[in-house]
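Take this structure first; my questions come after.
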Amino acid sequence: MCPLRRLPGRAGSVLVAIAVMIAPAGALAQPPPLRTTLPPITVTAQKGAEDPQQVPISVTAVAGETLELDGVRTVSDAALFAPNTFFNEFTARKLSNPRFRGVGSSPGNPGVTTYIDGVPQLNANSSSLELIDVDQIDFVRGPLSALYGRNALGGVINISSSRPSLKSWTGSVVAPFGNFGAADIRATASGPVLADKVALGVGLGYTRRDGYTTNDVTGHDLDSRSAGFGKAQLLWRPATRWEARALLTVERARDGDYALNDVGALRANAFHASRNVEGYTHRDIVAPTVHVTRSGDRIDFSAATGFLKWKTTDLTDLDYTAAPIATRSNAEEDFQFTEELRVSSAKTAPIALSNRVALKWQAGVFLFTQNYTQDAVNSYSPFVVASFAVSQHTPQSALDDRGVGVYGQGTFTFSNKLDLIVGARGDREHKEADLQTFYSPAIAPPQVVNESRDFSDVSPQFAVAYRAVPAAMVYATATRGFKAGGFNPASPAGAERYGEEHSWNYEGGVKSSGLNGRLTASVAVFRIDWRDLQLNEPNPQVPAQFFIANAAGATNTGVELELAARTTQGVEVFGGVGLTHARFNAGSVSEGVNVSGNKLSNAPSHTADIGVQVSRPIWRAASLTVRAEVVRYGDYQYDDANTLGQTAYSLANLRVGVRGKRLFGEGWMRNAFDTRYVPIAFPYPGLAPSGFIGENGAPRTFGLRAGLTF
């Protein structure tokens, strides 16, 4: 096993020193009172802001308070609070693919789309950013194609930035550090530039750590991480009803190599690999966004304009051994533009159709363009594919995509108790592909695809919700999901194209709250019927390369339960459970093998989380906070043939600290019991003795964190 690096000398005294600093602050200010009720939360699962307990959709909202108290730095850190949510995540941050209820796909055509400040990440390579100045993350599960369109068949993740204040200046500086040379600093500040008219917000950060995995050939660590990132916001309120908000998000990530190795070797000797080449993965992101809203007496209007440019370059030892067999260099670049215009009935003024019936409505149009290029080169040593060194471009490709979506939804409310919801969205898009695979020198004829295709679909939604009492709701929904077809940048001959995927999702549930705002609970049951399911399959002709192919179909049934409560002042308990039974239908084929009745890959049989947080005053202006949580993932298979998989495993996170009105210090530990597991792996016949290569999940990490707020 790789020994854990120790914290710097005398680091344990930092927490005590901060506590001593906090204590005298009592002469200046009282600490904030400990809440006895859960914080109010709104979500935008149906585009407009609503109480999550009043929407007929399964949604887990992770509020800014939880993000701060739990030290969440990436979206996958927050995912442990959402049932039936699982991330296929490599050590290189660009490859982080969410899956809801077994639904997912390739980065280039995700089944769950991440929205960052209202802008969809049409390629998952840009979805996992370092979080700074984030107010809330919503995990919305189930098909949302009727509102969000083509890549929301499994659901969406909404990441919302904190709004700059028009009233006063606030800010924070937070600096965690820990073992494996981990160091991090994040600073934010926001406030009025022109009272009640213009506000500014700025956030900057830098993070780094050494790698977890040792290269036994050189003794170096492989999978290090470092990134600089920032966010700037300008909020302008020119009139009472109008508001404009501009955001700019940037990140420059410089990560090490993938920590891939034979799965059998990883399980026998975790966090070790042997490479003759040590590579890297680099990513740069620039994302400007503009929002304009108007609140009217009868109609509300909003416009969201998003630009996104990202590029990645990476190099890796393609054979993942100490032998000089093959390397792979890969350069990808993507530019997307999105525009969404939305009108709706005024939030506080639904249309009265009669004394007992009211109507809320919304309609919108969504436009997008996406231009993606890739040049991936596999370099083979002499006598691997020929008697001399050969380079294989697989692929050198350009994919252009443009489309439009139009949607509408109406909610009819009868006697303030019964809601009937009807909605639909029509999508149409045009895709063009210029795909080339060739050798240099030319030892075989090149493969060239140059063509275009159109895709279109209509996705309806039907829902009913009944509130016998204001604090409890029963609901049922039926929704059709849609994911467009397209082109694979690289694939075996004849598999360059893949078709559309469709699903029907049926869900019923109960949501309730009680104890005067101290308790929320929800339970949902669901069934998903897929047709022409899109699968991310390994290319048998090119190592470590994947392409999308359609299978006959699959069915998934499951249950989800969530609960949060503040039992007494300063004591909060929370938890959730998700169960799934995801199986391929008869006649389904993956990787050329009949997989009828097999489990869907990377779909844990269950997920569960449970936690408690206790805060107690210890000085006049300071309180002690202890937080503990455990998350569990059920067994799952790495491939659709169910050849190899990961058994169930649990992870425990601990945190204890002292907080005052302005200062705080704490110690933290993630994966406290140092559980060893291999969360991601894929078939790699030939060079991997087990037939699979994968990466170990993060080991036990621990450290200290200190911060200042104003």
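The values are calculated or read from the model by the stated rules, or taken from the named source; none is laboratory data. Predicted, not measured: the structure shown is a model, and the values here were computed from it. Note that each Cβ is placed from the backbone with ideal geometry, even for glycine, and that neighbours are counted across all protein chains shown. SASA here: full protein model, heavy atoms, side chains in, ligands and nucleic acids out. Shrake-Rupley method; radii C 1.70, N 1.55, O 1.52, S 1.80 Å.
Considering (1) surrounded by fewer than 20 Cβ atoms within 10 Å (Cβ to Cβ); (2) out of contact with any Ser or Thr (no Cβ under 7 Å at 6 or more places or on another chain), say which one Val630 fails and leave the rest.
Tallying (1) surrounded by fewer than 20 Cβ atoms within 10 Å (Cβ to Cβ); (2) out of contact with any Ser or Thr (no Cβ under 7 Å at 6 or more places or on another chain), Val630 fails exactly one: (2).
Could you identify the single residue in Ala521, Ala554, Ala490 that is open to solvent by less than 20 Å² (accessible area, probe 1.4 Å), under 30 Å from Ile421 (Cβ atoms) and either in contact with a strand residue (DSSP E or B) (Cβ under 8 Å, 6 or more places away or on another chain) or aliphatic (A, V, I, L, M) (or both)? Walk me through it before giving the result.
Working: Ala521 fails: open to solvent by less than 20 Å² (accessible area, probe 1.4 Å); Ala490 fails: under 30 Å from Ile421 (Cβ atoms).
The unique qualifying residue is Ala554.
Still on this structure, I have one more. Could you list, in sequence order, all residues of segment 60-71 that are open to solvent by less than 20 Å² (accessible area, probe 1.4 Å) and of a type outside the set (D, E, K, R)?
From segment 60-71, those open to solvent by less than 20 Å² (accessible area, probe 1.4 Å) are 60, 62-63, 67, 70-71; that's our starting set.
Hits for segment 60-71 are Thr60, Val62, Ala63, Leu67, Gly71.
Collect the residues in segment 231-246 that are under 23 Å from Val173 (Cβ atoms) and surrounded by fewer than 20 Cβ atoms within 10 Å (Cβ to Cβ), keeping them in residue-number order.
If we filter segment 231-246 for residues that are under 23 Å from Val173 (Cβ atoms), which is where we start, we get 231-235.
The answer is Ala232, Leu234.
Which one of these does Val525 not meet: (1) part of a strand (DSSP E or B); (2) touching a Pro at 6+ places or on another chain (Cβ under 7 Å); (3) over 22 Å from Phe368 (Cβ atoms)?
(2)
Quick one: in segment 85-105, of everything that is within 28 Å of Val656 (Cα to Cα) and buried (at least 23 other Cβ atoms within 10 Å of the Cβ), which residue is farthest from the chain's Cα centre (by Cα)?
Thr91
I've got another one for you. Hey, can you tell me all the residues within segment 586-596 that are surrounded by 18 or more Cβ atoms within 10 Å (Cβ to Cβ) and in a strand (DSSP E or B)?
To start, the set of residues in segment 586-596 that are surrounded by 18 or more Cβ atoms within 10 Å (Cβ to Cβ) comprises 588, 590, 595.
If the condition is that a residue be surrounded by 18 or more Cβ atoms within 10 Å (Cβ to Cβ) and in a strand (DSSP E or B), then Ser590 is the only one that fits.
Out of the residues in segment 663-678 that are open to solvent by 20 Å² or more (accessible area, probe 1.4 Å) and at pLDDT 95 or above, which is nearest to Leu95 (Cα to Cα)?
From segment 663-678, those open to solvent by 20 Å² or more (accessible area, probe 1.4 Å) are 663, 668-670, 673-677; that's our starting set.
Now restrict to residues that are at pLDDT 95 or above: 668-670, 673-677.
Working: Trp668: 26, Met669: 25, Arg670: 21, Phe673: 26, Asp674: 24, Thr675: 22, Arg676: 21, Tyr677: 19 Å.
Ranking the candidates gives Tyr677 first.
Name the one entry in Ala476, Ala444, Ala424 that is more than 25 Å from the chain's Cα centre (by Cα) and free of Cβ contacts under 8 Å to residues at least 60 places away in the same chain.
Values: Ala476 fails: free of Cβ contacts under 8 Å to residues at least 60 places away in the same chain; Ala424 fails: free of Cβ contacts under 8 Å to residues at least 60 places away in the same chain.
Only one candidate qualifies: Ala444.
To continue, here is another question. When you scan segment 477-496, do you find a residue that is among the small types (Gly, Ala, Ser) and either at pLDDT 95 or above or touching a His at 6+ places or on another chain (Cβ under 6 Å) (or both), even just one?
Going through segment 477-496, the residues among the small types (Gly, Ala, Ser) turn out to be 478, 481, 484-486, 490-491, 493-495.
Now restrict to residues that are either at pLDDT 95 or above or touching a His at 6+ places or on another chain (Cβ under 6 Å) (or both): 478.
So far as segment 477-496 goes, yes, one or more of its residues are among the small types (Gly, Ala, Ser) and either at pLDDT 95 or above or touching a His at 6+ places or on another chain (Cβ under 6 Å) (or both).
Are any residues in segment 182-200 within 24 Å of the chain's Cα centre (by Cα) and touching a residue at least 24 places away in the same chain (Cβ under 8 Å), and if so, which ones? Break it down into steps so the answer makes sense when it comes.
Step one: filter segment 182-200 for residues within 24 Å of the chain's Cα centre (by Cα), giving 182-188.
Selection gives Ala182, Ala183, Asp184, Arg186, Thr188.
Same structure again: Given the criteria open to solvent by 40 Å² or more (accessible area, probe 1.4 Å) and touching a strand residue (DSSP E or B) at 6+ places or on another chain (Cβ under 7 Å), does Glu496 qualify?
On the way: open to solvent by 40 Å² or more (accessible area, probe 1.4 Å): no; touching a strand residue (DSSP E or B) at 6+ places or on another chain (Cβ under 7 Å): yes.
It is false that Glu496 is open to solvent by 40 Å² or more (accessible area, probe 1.4 Å) and touching a strand residue (DSSP E or B) at 6+ places or on another chain (Cβ under 7 Å).
Inside segment 155-173, can you point out the residues that are open to solvent by 20 Å² or more (accessible area, probe 1.4 Å) and under 26 Å from the mean Cα position of the chain (by Cα)?
Within segment 155-173, Ser160, Ser162, Arg163, Ser172, Val173 meet the criteria.
Out of Arg402, Arg356, I need the residue that is touching a His at 6+ places or on another chain (Cβ under 6 Å) and either open to solvent by 60 Å² or more (accessible area, probe 1.4 Å) or closer than 30 Å to Gln545 by Cβ (or both). Which one? Break it down stepwise before answering.
Values: Arg356 fails: touching a His at 6+ places or on another chain (Cβ under 6 Å).
Exactly one of Arg402, Arg356 is touching a His at 6+ places or on another chain (Cβ under 6 Å) and either open to solvent by 60 Å² or more (accessible area, probe 1.4 Å) or closer than 30 Å to Gln545 by Cβ (or both), namely Arg402.
Filter segment 195-212 for residues that are part of a loop (DSSP other than H, G, I, E, B) and more than 25 Å from Ile185 (Cβ to Cβ) and give the result.
We begin by selecting, within segment 195-212, every residue part of a loop (DSSP other than H, G, I, E, B); these are 195-197, 210-212.
Selection gives Ala195, Asp196, Lys197.
Within the group Ala189, Ala183, which residue is hydrophobic (A, V, I, L, M, F, W, C), assigned to a strand (DSSP E or B) and under 19 Å from Ala253 (Cβ atoms)? Before you say what the answer is, go through the steps one by one.
Working: Ala189 fails: under 19 Å from Ala253 (Cβ atoms).
When all the criteria are applied, what remains is Ala183.
Somewhere in segment 603-624, is a residue in contact with an Asp or Glu (Cβ under 9 Å, 6 or more places away or on another chain), at pLDDT 95 or above and outside any strand (DSSP E or B)?
yes
Looking only at strands (runs of 3 or more DSSP E) that fall completely inside segment 638-688, which ones have 2 or more residues that are among the aromatic types (Phe, Trp, Tyr) and farther than 30 Å from Val589 by Cβ? Give the derivation first.
Details: elements: 649-660, 663-670, 680-683.
Result: 663-670.
Can you name the residue in segment 72-81 that is more than 25 Å from Asp639 (Cβ to Cβ) and not β-branched (Val, Ile, Thr) and, of all such residues, is most open to solvent (accessible area, probe 1.4 Å)? Talk me through it step by step, then tell me what you get.
From segment 72-81, those more than 25 Å from Asp639 (Cβ to Cβ) are 72-75, 77-78, 81; that's our starting set.
Subset that is not β-branched (Val, Ile, Thr): 73, 77-78, 81.
Values: Arg73: 85, Asp77: 36, Ala78: 0, Phe81: 21 Å².
Only one residue fits best here, namely Arg73.
Just a yes or no: is a residue in segment 107-129 within 27 Å of Ala628 (Cβ to Cβ) and within 14 Å of the chain's Cα centre (by Cα)?
Let us first name the residues in segment 107-129 that are within 27 Å of Ala628 (Cβ to Cβ), namely 128.
Going one step further and asking which of them are within 14 Å of the chain's Cα centre (by Cα), we end up with 128.
Among the residues of segment 107-129, at least one is within 27 Å of Ala628 (Cβ to Cβ) and within 14 Å of the chain's Cα centre (by Cα), which makes the answer yes.
Another question, then. Within the group Arg566, Arg583, which residue is of a type in the set (D, E, K, R) and either over 24 Å from Phe87 (Cβ atoms) or open to solvent by less than 20 Å² (accessible area, probe 1.4 Å) (or both)?
On the way: Arg583 fails: either over 24 Å from Phe87 (Cβ atoms) or open to solvent by less than 20 Å² (accessible area, probe 1.4 Å) (or both).
So the residue among Arg566, Arg583 that is of a type in the set (D, E, K, R) and either over 24 Å from Phe87 (Cβ atoms) or open to solvent by less than 20 Å² (accessible area, probe 1.4 Å) (or both) is Arg566.
Mind checking which pairs have a first residue in segment 277-297 that is of a type in the set (Phe, Trp, Tyr) and a second that is open to solvent by less than 70 Å² (accessible area, probe 1.4 Å) and part of a strand (DSSP E or B), Cβ under 9 Å, 6 or more apart or different chains?
Hits for this filter: Tyr280/Arg254; Tyr280/Asp255; Tyr280/Thr313; Tyr280/Asp314; Tyr280/Leu315; Tyr280/Thr316.
Being over 13 Å from Asp135 (Cα atoms) and touching a Pro at 6+ places or on another chain (Cβ under 6 Å): is that true of Val59 here? Write out each step before concluding.
On the way: over 13 Å from Asp135 (Cα atoms): yes; touching a Pro at 6+ places or on another chain (Cβ under 6 Å): yes.
Taking the combined requirement at face value, the residue satisfies it.
Does segment 202-223 contain any residue that is under 30 Å from Asp314 (Cβ atoms), out of contact with any helix residue (DSSP H, G or I) (no Cβ under 7 Å at 6 or more places or on another chain) and of a type in the set (Lys, Arg)?
Just the residues of segment 202-223 that are under 30 Å from Asp314 (Cβ atoms), to begin with: 203-223.
The next check asks that each one be out of contact with any helix residue (DSSP H, G or I) (no Cβ under 7 Å at 6 or more places or on another chain); those that pass are 203-223.
With of a type in the set (Lys, Arg) added as a condition, the list becomes 208-209.
Looking for residues that are under 30 Å from Asp314 (Cβ atoms), out of contact with any helix residue (DSSP H, G or I) (no Cβ under 7 Å at 6 or more places or on another chain) and of a type in the set (Lys, Arg), one finds at least one in segment 202-223, hence yes.
Residue pairs, Cβ under 9 Å, 6 or more apart or interchain, first in segment 123-136 and closer than 17 Å to Pro98 by Cβ and without any contact (Cβ under 8 Å) to a residue 60 or more places away in the chain, second open to solvent by 20 Å² or more (accessible area, probe 1.4 Å) and of a type in the set (Asp, Glu). List them.
The qualifying pairs are Ser128/Glu89.
Also, quick follow-up: What strands (runs of 3 or more DSSP E), lying completely within segment 529-585, carry at least 1 residues that are more than 18 Å from Gly104 (Cα to Cα), under 21 Å from the mean Cα position of the chain (by Cα) and at pLDDT 90 or above?
Numbers: elements: 534-538, 546-550, 553-568, 571-584.
Fully inside segment 529-585 and qualifying: 553-568, 571-584.
Another one. For the condition modelled with pLDDT under 95 and closer than 23 Å to Thr289 by Cβ, what is the one hit in Ala146, Ala232, Ala239? Spell out the reasoning first.
Numbers: Ala146 fails: closer than 23 Å to Thr289 by Cβ; Ala232 fails: modelled with pLDDT under 95.
The match here is Ala239.
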